[in-house]
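Here the structure is laid out as structure tokens; the discussion comes afterwards.
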Amino acid sequence: MFPNRGVNDMNALRRMVLTVALVVLVIAGIAAVSVSGSSKGDPSGTEVTVPGYDRNAAPGDTSGLQKEEEAVSQQKSSWKGQPTVITGTGSMKYRTRLVLLGTTGGIAYWPATTRATSSSALVVGDTIYIVDMGQGSTYRLSEAFNTGTFVNTPGGKIEDGSPTFLKNVKALFLTHLHQDHTADYPNFLMNGPGANLGWVIDPNTGQAKYVPLQVFGPPNRGQLEDDKTNYTGTIVYTDSSDPELITSTPGTRQMTALIMQAFAQTVNDMTLDNGYPDFTKVVKVTEIGGTQPGDIPLPVPVPDPNNDTCPAMDPFEVYRDDQVRVTCTLVDHHQVFPAFAYRFDTADGSVTFSGDTGKNTKGNLQKLANGSDVLVHEVIDRAWINKKFGNPANGTRMYALKEHMLNSHTTIDEVGQVATDCNVNTLILYHLVPGNTPNGHLIEAKKNLTGKLIIGEDLMQIGIGRPKQG
Ligand SMILES: [Zn+2]
Ligand SMILES: [Zn+2]
């Protein structure tokens, strides 16, 4: 039901990619910001340049679309499902597409870049599935999908009612609970219902009909992590009348409930005075590794997270509907536990998101991502780490921080080998740390890479599989 899209005819594939890339480049008239490695299985390293997303393209601009259609038409006979960067005008031609919403990580405020922090959307038909919600990602979500419906009035166009585009967001998958993956989650919960997140108006009754956003994420860590940096501040606990809910490490369910409590004034006002739905019904949380009814257990004994955050395991299913199957595994982002990678299989192809992880996942990521069309993988710049931390003495706070950066993330020079070991067609870099890392450093990801390389950008769209027929 969810076939992997193997690539067997590499010559046809290269001809196709070259032609489409050339046409799209001409149409968009933009500088190439993405690069590719040698085509898979071809050690001679044929270079294929793929254009990046044109941030300045006018929405709805269809100039050049006919040429693009012709180019696609010419390639239909040899199409093999190779992921392709597409422009805004071409995006609707793909039933399944990956949309990068936020492509930096760690600190949210890198200078000289407008990248939002980690978030991605996989679109299948009209349905949107999101992985992580870092800072700025809800704005990117609106930029990517909130086309609106306008009507003409004397003096200009006006919006026809309220935006409803978030009714298409079906599920959110959190890789882990660091703020660069969750900071816009409260924003999403507070502002989303205003654009039909989790509910629609039942045309028969005129009443709110709930179709809750399904949120999948980590449970309570269970214990506070070891202090590796001689921290001297205050440990924050949740505030609850229920002693069992007082914790320093709340999971996704409790975090969600606490967001509602923290914003209770506006939640209650929006509901009582502004016609909003019941906020508590627009979201349904399932914890992966949690113990509540309906939660999804880990397929291995839960380890002591202060000793082992990433035991070897086989991938396991966490979600399935008629369009996607989502599988999951633990990755190594110590001391964070759990930290997940997710794989989405669709009829058009497969996409795996690494989440935050060091390069050594004991084979977990390789098992999960094996044969994916696309691996979206985090990177950190070793040169920046060395510049920032120098050579601190063992036992110091700086030493601990440097070790954390190097071992719980994957450096640019390491990620190519990871992708090759995952046997993927295309590696897309995201969660760039720092967010202003120059392409001259990011291109090091080609080291030991046998697939194509794309340097991710916010709002870049990547078509998965073949364009829609007709
Ligand atoms: Zn991160
Ligand atoms: Zn993290």
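Multiply the residue gap between D295 and T164 by 0.36 nm, knock off their C-alpha separation, and tell me the result in nm, one decimal place. The partial results should precede the final answer.
Details: separation 131, 0.36 × 131 = 47.16 nm, distance 2.95 nm.
Result for the pair: 44.2 nm of gain on full extension.
Through the Karplus equation 6.51 cos²θ - 1.76 cosθ + 1.60, θ set to phi - 60°, convert the phi angles of the range 357-367 into ³J(HN,Hα) values in whole Hz; use x for Gly and Pro.
Each residue of the range 357-367 in turn: 7, x, 6, 9, 9, 6, x, 4, 5, 4, 5 Hz.
Ranking Y237, Y399 by Cβ neighbours within 10 Å, fewest first, what do you get?
Details: Y237 13, Y399 16.
Lowest to highest Cβ neighbour count: Y237, Y399.
How many angstrom lie between the C-alpha centres of the range 103-175 and the range 447-470?
Computed from Cα coordinates, the inter-centre distance equals 20 Å.
Taking H placed 1.01 Å from N in the peptide plane, check which residues at least 5 places from I128 or on another chain put their amide H under 5 Å from its amide H.
V169, K170
Can you list residues whose amide H is under 5 Å from Q335's amide H, if they're 5+ apart or on another chain and H is modeled 1.01 Å from N?
So Q335 has HN proximity to no qualifying residue.
Using only alpha carbon pairs under 8 Å that are at least six residues apart, calculate the relative contact order of the range 345-385 and give it in whole percent.
Details: 31 pairs, mean separation 20.7, N = 41.
Relative contact order comes out at 50 percent.
Among residues other than M92 whose Cβ falls under 11 Å from its Cβ, what is the net charge (Lys/Arg +1, Asp/Glu -1)?
On the way: positive: K93, R95, R97, K468; negative: D126.
Here the count lands on +3.
I need the peptides 169-175, 376-382 ranked by packing, meaning the mean over residues of other C-beta atoms within 10 angstrom, with the highest value on top. Could the numbers behind the result be given before it?
Values: 169-175: 23.7, 376-382: 25.4.
Highest to lowest by the protection proxy: 376-382, 169-175.
Packing-wise, with mean Cβ within 10 Å as the measure, how do 226-236, 310-320 rank, highest first?
Working: 226-236: 9.0, 310-320: 16.3.
Ranking, from highest mean packing down: 310-320, 226-236.
What is the gain in length, in nm to one decimal, between R397 and V302 on full extension, counting 0.36 nm per residue of separation less the C-alpha to C-alpha distance? It would help to have the intermediate numbers written out before the result.
On the way: separation 95, 0.36 × 95 = 34.20 nm, distance 2.92 nm.
Here the segment from R397 to V302 would lengthen by 31.3 nm.
Measure up K167/K468; K362/K468; K388/K446; K228/K362; K93/K157 against 30 Å on the Cα-Cα distance and list the ones that go over. Walk me through the numbers on the way to the answer.
Values: K167/K468 23 Å; K362/K468 39 Å; K388/K446 24 Å; K228/K362 23 Å; K93/K157 27 Å.
Over 30 Å apart, Cα to Cα: K362/K468.
Mind giving me the nanometre distance, one decimal, between the label points for T114 and D273, set 7 Å out from Cα along Cα→Cβ?
Placing both labels 7 Å beyond Cα along the Cβ direction yields 3.5 nm.
Note down the net charge around K359, summing +1 for each Lys or Arg and -1 for each Asp or Glu among other residues with Cβ under 13 Å from its Cβ. Don't skip to the end; give the middle numbers.
Working: positive: K362, R382, K447; negative: D332, D356, E378, D413, E414, D421.
Combined, the nearby Lys, Arg, Asp and Glu give -3.
Please list, ordered by chain and number, the residues whose modelled amide H lies under 5 Å from the amide H of V318; skip anything fewer than 5 residues away on the same chain.
It is V326, T327, C328, by chain and number.
Rounded to the nearest 0.05, what FRET efficiency do D322 and S91 have when you use their Cβ-Cβ distance and R0 = 22 Å? List each step's numbers first, then the result.
On the way: r = 22 Å, r/R0 = 1.01.
The value I calculate is 0.50.
Starting from the Cα of T280, move 7 Å in the Cα-to-Cβ direction to define the label point; list residues of the range 217-258 whose amide nitrogen is under 14 Å from there.
From the range 217-258, the list is 254, 256-258.
Convert each backbone phi in the range 275-287 into a coupling constant with the Karplus relation 6.51 cos²θ - 1.76 cosθ + 1.60 (shift: θ = phi - 60°), then list the ³J(HN,Hα) values in order as whole Hz, x for Gly and Pro.
x, 6, x, 5, 4, 6, 9, 8, 9, 10, 9, 10, 9
Tally Lys/Arg at +1 and Asp/Glu at -1 over every other residue whose Cβ is under 13 Å from the Cβ of V302; what's the total?
Working: positive: R221; negative: E287, D295, D304, D308.
Counting the neighbours of V302, the net charge comes to -3.
Every read-out reported here was derived from the displayed coordinates using simple, explicitly stated rules and does not represent laboratory data. All figures in this text were calculated on a predicted structure; none of them were measured in a lab. So basically every Cβ, Gly included, is an ideal-geometry build from the backbone, and we count neighbours across all protein chains shown.
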